[in-house]
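Chemist: Before I ask anything, let me first share the structure, which is written out below as structure tokens.
Values quoted throughout were computed directly from the atomic coordinates according to the rules given, and no laboratory measurement underlies them. It should be emphasised that the depicted structure is a prediction, and the values quoted were computed from it without experimental measurement. Please note: Cβ atoms are built from the backbone with ideal geometry, for glycine as well, and neighbour counts cover all protein chains shown.
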Amino acid sequence: MPIRQLPQDLVNRIAAGEVVERPASVVKELVENAIDAGARRITITTSGGGKSLIRILDDGCGMDEADLRLSVVRHATSKLADDGLEDIRTLGFRGEALASIGSVARLSVASRPEGAASGLKITVSGSQPGPIVPEAMNRGTIVEVRDLFADVPARLKFLKSDKAEAGAITDVAKKLAMANPGVQFRLDGPDRMPVDWPARSGPGALAARLADVMGDEFVANAVTLGLMRHGVVVAGLAGLPTFSRANSLLQHYFVNGRAVRDKVLLGAVRAAYADYLFRDRFPAIALFLSVDPGEVDVNVHPAKTELRFRDPGGVRGAVIRAVGEALAAAGHRASGSTSE
Ligand code: ADP
Ligand code: MG
């Protein structure tokens, strides 16, 4: 077969496959956008496990007409001020999500920025943006995604049942909620039991949000992490060895507010508990790492759940030490209290 240049619409759909794997990845991208927009309240509504409808409503900064038009264009972003990738402080930066979603679903974005008299809405279907029309709404943004992958049968075929896809959306929402305790999250729709995690504030905010999402029992059986070492800050809650699990489902890792799956962090936690747990047991943990943005490369994978540390050894050492010290301190307290 001779080489041929692919049409733009097909190029878009191929690229979309990297960002939008399933309904949960759409939810992740859209909620990240809401968080980047400074939202304090986010409502996620789904139907049919997100296959028929995903709607994300936020009270963030919104977009004016020019930005709304650009928001659905590929490689258009407000989040890279210059051309460096070394100092990324937002969750998004590729300018790909809305364009990708618009190439594999019916997409509408409605937005009203501060000071505007009303909202505006743009609709995209098959990568083709339609005209911008007025939309009555409060400040913020409402993104609707309908009939995801309806024109991509190969992708549709690989999706799981509505129940499983709805569950994957809940898992994504949990991670985003854990990383943002000050933001109210609501989940509703005909395919799920409604969830409402209220905005938490003050010194106990993180623990309260973790109790909402991971359960009161985890928080009651966990110690607080707090360590700062060579520019690495470790925070969160580490489950007591007595609260161990047969799988790693109660392990959540975050780097600079981004949920990640990373070998360095998994290995460090395993090592930290090595003296406490049998090899087939897993600790429960919510670990929040903060490092200088220049110390970590998040540009490894489009879904951005993978990353690369510049100094993995330093990160590993800090995590082992933070968990070790917290568990040791709890041990002292436990033996002290029995002698009272
Ligand atoms: P990225 O997040 O990588 O910039 P997206 O395609 O997800 O790319 O979004 C493109 C742009 O649209 C963003 O840079 C932002 O300016 C704007 N945008 C998207 N969602 C929202 C939202 N919920 N509120 C305000 N602006 C948004
Ligand atoms: Mg984005």
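Chemist: Using the Kirkwood formula over every pair of different C-alpha atoms, what hydrodynamic radius in Å results for the range 1-75?
Modeler: 14.5
Chemist: In the range 232-306, which chymotrypsin sites (Phe, Trp or Tyr not before Pro) fall in coil by DSSP and have 14 or fewer other Cβ atoms within 10 Å?
Modeler: Those satisfying the criteria are Phe278.
Chemist: Place a label point 7 angstrom from the Cα of Val11 along the Cα-to-Cβ direction, then list the residues of the range 97-140 whose backbone nitrogen is under 18 Å away.
Modeler: Those under the cut-off are 97-104, 126-129.
Chemist: Just name one of Val11, Pro23, Gly140: the one whose Cα is farthest towards the positive end of the charge dipole of the range 8-197 (beta-carbon charges, Lys/Arg +1, Asp/Glu -1).
Modeler: Of the candidates, Pro23 comes out farthest on the positive side.
Chemist: Counting DSSP beta bridges in the range 8-197, what percent are antiparallel, to the nearest 5?
Modeler: For the range 8-197, the DSSP antiparallel bridge percentage is about 85.
Chemist: Where does the Debye-calculated log10 I(q)/I(0) of the range 206-333 sit at q = 0.12, 0.13, 0.23 Å⁻¹, using only Cα point scatterers of equal weight, no solvent?
Modeler: -0.42, -0.49, -1.48
Chemist: Also, I was wondering about something else. If you build a Gaussian network model of the chain, linking Cα atoms that sit under 10 Å apart, which residue out of Gly115, Gly50, Gly140 swings the most?
Modeler: Highest fluctuation among the options: Gly115.
Chemist: What is the dipole size for the chain, taken about its Cα centre, with +1 at each Lys and Arg Cβ and -1 at each Asp and Glu Cβ, in debye to the nearest 20? Could the numbers behind the result be given before it?
Modeler: Working: 42 positive and 40 negative charges, 146 e Å.
About 700 debye.
Chemist: Sticking with this one: Tell me which trypsin sites (Lys or Arg not before Pro) from the range 1-50 have a DSSP coil assignment and no more than 10 other beta carbons within 10 Å of their own. Mind dumping the intermediate values first?
Modeler: Numbers: sites: Arg4, Arg13, Lys28, Arg40, Arg41; in loops: Arg4, Arg40.
Hits after loop and neighbour filter: Arg4.
Chemist: Mind checking the range 110-205 for chymotrypsin sites (Phe, Trp or Tyr not before Pro) that DSSP puts in a loop (not H, G, I, E or B) and that have at most 11 other Cβ atoms within 10 Å? Present the calculation step by step, with values, prior to reporting the outcome.
Modeler: Details: sites: Phe149, Phe158, Phe185; in loops: Phe149, Phe158.
Here the chymotrypsin sites (Phe, Trp or Tyr not before Pro) that fit, given the DSSP loop and packing criteria, are Phe158.
Chemist: Now a separate question. Assuming 0.890 mPa s and 25 °C, estimate D for the chain with Stokes-Einstein, Rh taken as the Kirkwood radius over Cα pairs, in µm²/s.
Modeler: 114
Chemist: Which of the three applies to the range 129-200, rounded, prolate or oblate, going by the alpha-carbon gyration tensor with a ≥ b ≥ c and a/c under 1.5 meaning rounded? Kindly include the intermediate steps, with their values, before the conclusion.
Modeler: Numbers: a/c = 2.29, a/b = 1.10, b/c = 2.08.
Oblate shape, in that a/c is at least 1.5 and b/c is the bigger or equal ratio.
Chemist: Just to check, using Stokes-Einstein with a Kirkwood Rh over alpha carbon pairs, what's the diffusion coefficient of the range 8-197 at 10 °C and 1.306 mPa s in µm²/s?
Modeler: 96
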